[in-house]
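The values are calculated or read from the model by the stated rules, or taken from the named source; none is laboratory data. Computed from a predicted model, the values in this text were never measured in an experiment. Cβ placement follows ideal geometry from the backbone for every residue including glycine, while neighbour counts extend to all protein chains displayed.
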Amino acid sequence: MRIEPLTCHIGAELFGVSLADAAHDEALFAEIKAALLKHRVLFLRDQDISRQDHVAFARRFGELEDHPVAPSHPDAPGLVQIYKTPDTPIDRYENAWHTDATWREAPPMGCVLRCVECPPVGGDTMWANMALAYEMLPEHVKAQIANLRARHSIEASFGAAMPIERRLALKAQYPDAEHPVVRTHPETGEKVLFVNAFTTHFSNFHTRENVRFGQDANPGAGQLLSYLISQAYIPEYQVRWRWQKNSVAIWDNRSTQHYAVMDYPPCHRKMERAGIIGSATF
């Protein structure tokens, strides 16, 4: 296996490896996992593997989770279908910087995403290094957010366009989750900026230390949250991947955000994603 970094801070392409082999080769899988922790997102071309091999490889990291809004493939439970076609309305929930499913109490550890069909041009995906985003924050901002916690909502994102009864049922099933604004990566020990498009507000901002007058809380807290979320937009923290059929991306969901560029309608874009169950944040 050969590893070639794609940028200075995030992303590497793997050559000379099949994920079908890695699903059953402990040493090869260990190499891939080590590369993932180092580069945060890995890319491979020409992975003409079965859905069962896709699932088997992803399960080496841990058990897989379904998605409450997107369906799983009938022949491969845990393999979520993200299918966009000219015949169906385009949902605009993808084209925002986000960390997958932070509305869960235990967000996914990572994901393995394979391209089944893509447009001739367009439909790229970008990832951002959120450990670097935290590292580069001004020291006074790091001090201010050190003990802050924030709410993450599926109701305000996937549920927003639903009829009210369905939206409220979704919220009842998945109440807003609370996570630290600065998360400690459970394997590397790095500090990671952990707010994104699913984050609605800080839970514990309104204290004597932070709030003197109403304006300190509103709009002050909202402006701080917007500033933190915008750190993913900085190009120096990013890598961009152009999809081809049978291309695969593997990413560490604990230290990255990603953005699916929706510039391709009315073309098809069909992706299949295995999301790996993660652990609760602290």
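The residues on offer are Lys33, Lys38, and the sole one that is in a helix (DSSP H, G or I), of a type outside the set (Phe, Trp, Tyr), in contact with a strand residue (DSSP E or B) (Cβ under 9 Å, 6 or more places away or on another chain) and outside the structural domain of Leu170 (by TED's automatic domain parsing) is Lys38. Is it fair to say Trp251 is in a loop (DSSP other than H, G, I, E, B), modelled with pLDDT of 95 or more, of a type in the set (Phe, Trp, Tyr) and surrounded by 13 or more Cβ atoms within 10 Å (Cβ to Cβ)? In short, no.
Condition test on His140, is it modelled with pLDDT of 95 or more and surrounded by 13 or more Cβ atoms within 10 Å (Cβ to Cβ)? Lay out the reasoning, then the answer.
Working: modelled with pLDDT of 95 or more: yes; surrounded by 13 or more Cβ atoms within 10 Å (Cβ to Cβ): no.
Taking the combined requirement at face value, the residue does not satisfy it.
From the list His67, His54, the one residue that fits, being surrounded by 14 or more Cβ atoms within 10 Å (Cβ to Cβ), of a type outside the set (Val, Ile, Thr), within 15 Å of the chain's Cα centre (by Cα) and not in a strand (DSSP E or B), is His67. Of all the residues in segment 124-167, those that are touching a strand residue (DSSP E or B) at 6+ places or on another chain (Cβ under 6 Å) and assigned to a loop (DSSP other than H, G, I, E, B) number 4.
Each row is one residue, and each column tells you yes or no for (1) modelled with pLDDT under 95; (2) assigned by TED's automatic domain parsing to the domain that holds Glu139; (3) at positive phi.
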site	(1), (2), (3)
Asn204	no, yes, no
Asn218	yes, yes, no
Ala221	no, yes, no
His258	no, no, no
Tyr264	yes, no, no
His268	yes, no, no
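Figure legend. Inter-residue proximity from segment 103-115: first residues assigned by TED's automatic domain parsing to the domain that holds Gln47 and part of a strand (DSSP E or B), second residues buried (at least 24 other Cβ atoms within 10 Å of the Cβ) and β-branched (Val, Ile, Thr), beta-carbon distance below 8 Å, spacing 6+ or different chains. Indicated pairs: Gly110/Ile250; Cys111/Ile250; Val112/Ile250; Leu113/Ile250. Of all residues in segment 168-195, those satisfying the criterion of being touching a residue at least 60 places away in the same chain (Cβ under 8 Å) and assigned to a loop (DSSP other than H, G, I, E, B) are Tyr174, Asp176, His185, Pro186, Glu187, Thr188, Glu190, Phe194.
For segment 199-213, taking the residues that are touching a helix residue (DSSP H, G or I) at 6+ places or on another chain (Cβ under 9 Å) and polar (S, T, N, Q), the one that is surrounded by the most Cβ atoms within 10 Å (Cβ to Cβ) is identified as Thr199. Of the residues examined, Pro163 is not one that is surrounded by fewer than 16 Cβ atoms within 10 Å (Cβ to Cβ) and within 24 Å of Tyr237 (Cα to Cα). In the set Ala156, Ala128, Ala150, only one residue is touching a residue at least 40 places away in the same chain (Cβ under 8 Å), more than 25 Å from Phe43 (Cα to Cα), among the aliphatic types (A, V, I, L, M) and crowded, with 22+ Cβ neighbours inside 10 Å; that residue is Ala150.
Being over 18 Å from Gln231 (Cβ atoms), among the polar types (S, T, N, Q), under 15 Å from the mean Cα position of the chain (by Cα) and not assigned by TED's automatic domain parsing to the domain that holds Ala197 holds for only one residue in Thr99, Thr125, and it is Thr125. Within the group Ala70, Ala58, which residue is aliphatic (A, V, I, L, M), touching a strand residue (DSSP E or B) at 6+ places or on another chain (Cβ under 9 Å) and free of Cβ contacts under 8 Å to residues at least 24 places away in the same chain? None of the other options fit; the residue is Ala70.
For segment 175-206, which residues satisfy the criterion of being polar (S, T, N, Q) and within 14 Å of Ala150 (Cα to Cα)? Within segment 175-206, Asn196, Thr199, Thr200, Ser203, Asn204 qualify.
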